[in-house]
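A.B. asks: Can you read through this structure? Questions will come right after.
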Amino acid sequence: MAFSLRVARSLLQLPAGARVSLYRRQRSLYHSYEHDAPPAYPPVEQAILAAAYEHVPKSGFTQDALNLGAKDAGYLDISTNLFKKGPFDLVMYHLVTQRLALGNKVQFLDESWGVGRRVRSLVLERLRANAEAGVVPHWQGALGQMSFAENIPASLRELASLSDEIWFQAGDVSVDTSWYTKRASLSSVYAAVEIYQTQDQSTEFKDTEAFLDRRLQEVRILGSSLGNTLQWAGHQAGAFVNLARSKGVRI
């Protein structure tokens, strides 16, 4: 598991300026209420990946799953050459499709809910999607693929996109510098909680939910006392490492 922590630690250990730069680039991917988003994948790739995704609960994020997906979709095994990064493309398919589905899964009918409560609900729904898709038992392997040097940039961009999507769906309308810091801090929280979920043996991931609440509380308390959530992200890095060590990971 040690190497599977690199993606989360890569974000947590980035210098403050680099973290802000990452989210400034992400800011250009604005949401539009007037135009539908284009399909995430071309038709052939979508068909193969969707079919392969059905095999992940049994086969994991593997080349075997991709081969089976190609066969189920009516294509030859050689068609998986479309996916230059192999199983990592299947990992990305999970990340992208679950992010895009998030807005349709959670509807906030109670206008009394604040942004913070909505963020919590959206994070829980995204974590719940891991369980419903049957990928939790294979997620440490997925994190391992995400930790390869050539895959880290795409992994971090997708994490940034998820954070942006959650704040957007929660109704955040900030236009000041907090736009960046809130997304950086939420990405740090989500990365830590998702790794915790892979170890959670509690019923319906109740321990993961409690862990999320503790991390969000730290955002509120430490973010306020430090006056800057980027400073909080640095503090979170230490807490994250301590958590991993408590589970026997040598880091």
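A.B. asks: Take the alpha carbon atoms of the stretch 80-141, find their radius of gyration, then divide it by 2.2 N^0.38 Å using N residues; give the quotient.
C.D. replies: Here the answer is 1.40, to two decimals.
A.B. asks: How much net charge surrounds Val189 when only the other residues with a Cβ under 12 Å from the Cβ of Val189 are counted, with Lys and Arg +1 and Asp and Glu -1?
C.D. replies: Spelling it out: positives minus negatives among the neighbours equals +4.
A.B. asks: With all protein chains present and a 1.4 Å probe, how do Lys84, Lys182 order by accessible area, largest first?
C.D. replies: Numbers: Lys84 175, Lys182 45 Å².
Output order, biggest surface exposure first: Lys84, Lys182.
A.B. asks: Calculate the FRET efficiency for Thr203 and Ser121 from the Cβ-Cβ distance with a Förster distance of 25 Å, rounded to the nearest 0.05.
C.D. replies: Here the calculated transfer efficiency is 0.80.
A.B. asks: For the stretch 144-209 and the stretch 53-113, write down the distance between their C-alpha centroids in whole Å.
C.D. replies: 18
A.B. asks: Select from Ala101, His138, Asn81 the residue farthest towards the positive end of the dipole of the stretch 68-156; place +1 on Cβ of Lys and Arg, -1 on Cβ of Asp and Glu, and compute about the Cα centre.
C.D. replies: About the Cα centre, the residue reaching furthest to the positive side is Ala101.
A.B. asks: For Phe61, what accessible surface area do you get with a 1.4 Å probe? Give it in Å², rounded to 10.
C.D. replies: 10
A.B. asks: Right, here's the next one. If you stretched the chain out fully between Ile78 and Arg128, how much longer would it get, using 0.36 nm times the residue separation minus the C-alpha to C-alpha distance? Could the numbers behind the result be given before it?
C.D. replies: Values: separation 50, 0.36 × 50 = 18.00 nm, distance 3.38 nm.
Full extension from Ile78 to Arg128 adds 14.6 nm.
A.B. asks: How high is the FRET efficiency from Asp64 to Gln107, r the C-beta distance, R0 35 Å, rounded to 0.05? Could the numbers behind the result be given before it?
C.D. replies: Working: r = 37 Å, r/R0 = 1.06.
About 0.40, to the nearest 0.05.
A.B. asks: Regarding the stretch 77-222, what are the three Cα extents along the principal axes, ordered largest first, in Å?
C.D. replies: On the principal axes, the stretch 77-222 reaches 53, 38, 31 Å in Cα extent.
The values are calculated or read from the model by the stated rules, or taken from the named source; none is laboratory data. Given the structure is predicted, the values throughout are model-derived calculations rather than measurements. Neighbour counts are summed over all protein chains in view; Cβ atoms, including those assigned to glycine, are modelled from backbone coordinates with ideal geometry. Only protein heavy atoms, including side chains, enter the accessible area calculation; ligands, DNA and RNA are left aside. Shrake-Rupley method; radii C 1.70, N 1.55, O 1.52, S 1.80 Å.
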